[in-house]
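Contents: one structure, followed by commentary.
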Amino acid sequence: MTSFAVAHLHSVTMGADIVAYLTAIDATLAPFEGRFVVHGSDKEVLEGNWPGDLVIIGFPDRHSARAWYRSPAYQAILPLRTDNSQGDIILVDGVEDDHRATDILSA
């Protein structure tokens with residue numbers, strides 16, 4: 001089942017470190033079949049308040065997502081982001097194509 005690394009970045013200080021992070025991250029994703037699904041796209045807030053940006057990276061499964069995050073290549077560049085941004089990061093699984101809202105009632 002597809003799994004996603006989701007980042008809600010509340011603030012990012014753009015500079016040389018963030019540029020280096022952005023330049024290097026794609027190479028860390030490739031071995032784990034990760035790809036950007038959403039990357040700071042223009043947003044339209046329909047309810048509430050949404051400060052910051054959303055980043056979603058898709059992986060074939062949770063194992064691949066976790067292995068990417070823990071990989072030496074990603075861990076090497078991670079401080080470039082964490083030292084220059086504030087946010088929340090989670091891993092979450094997607095749902096099957098035939099998923100219906102009521103499916104969670106039987107879980």
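Read the figures in this text as sums done on the coordinates, not as results from a lab. All values derive from a computational prediction rather than experimental measurement. Please note: Cβ atoms are built from the backbone with ideal geometry, for glycine as well, and neighbour counts cover all protein chains shown.
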Inset, instruction - Springs between alpha-carbon atoms under 10 Å, Gaussian network over the chain: tell me which of Leu46, Leu54, Leu80 tops the mean-square fluctuations. - result: Leu46
Legend entry - Modelled FRET efficiency - R0 41 Å, Ala76 with Trp50, Cβ distances, 0.05 increments: 0.85
Legend entry - Estimated FRET transfer efficiency when R0 is 30 angstrom, pair Val12-Thr102 (beta carbons, to 0.05): 0.20
Inset, instruction - Return the single residue from Arg62, Arg35, Arg70 with maximal mean-square fluctuation; model: Gaussian network over the chain, springs between Cα atoms under 10 Å. - result: Arg70
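Relative contact order of the range 1-75, please, whole-number percent, based on alpha carbon pairs below 8 angstrom and at least 6 residues apart. Intermediate results must be reported in sequence, preceding the final value.
Working: 92 pairs, mean separation 36.8, N = 75.
Relative CO of the range 1-75 lands at 49 percent.
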Inset, instruction - Identify, among Ala16, Met1, Ala76, the residue whose Cα sits farthest towards the positive end of the charge dipole of the chain, taking +1 on the Cβ of Lys and Arg and -1 on the Cβ of Asp and Glu, with the dipole about the Cα centre. - result: Ala76
Inset, instruction - With label points built 7 Å along Cα→Cβ from the Cα atoms of Arg66 and Asp93, find their separation and express it in nm. - result: 1.1
Inset, instruction - With +1 on each Lys and Arg Cβ and -1 on each Asp and Glu Cβ, and nothing else charged, work out how big the dipole of the chain is about its Cα centre, in Debye to the nearest 20. - result: 380
Inset, instruction - In a Gaussian network model over the chain where Cα atoms closer than 10 Å are linked, find which of Val45, Val92, Val12 has the largest mean-square fluctuation. - result: Val45
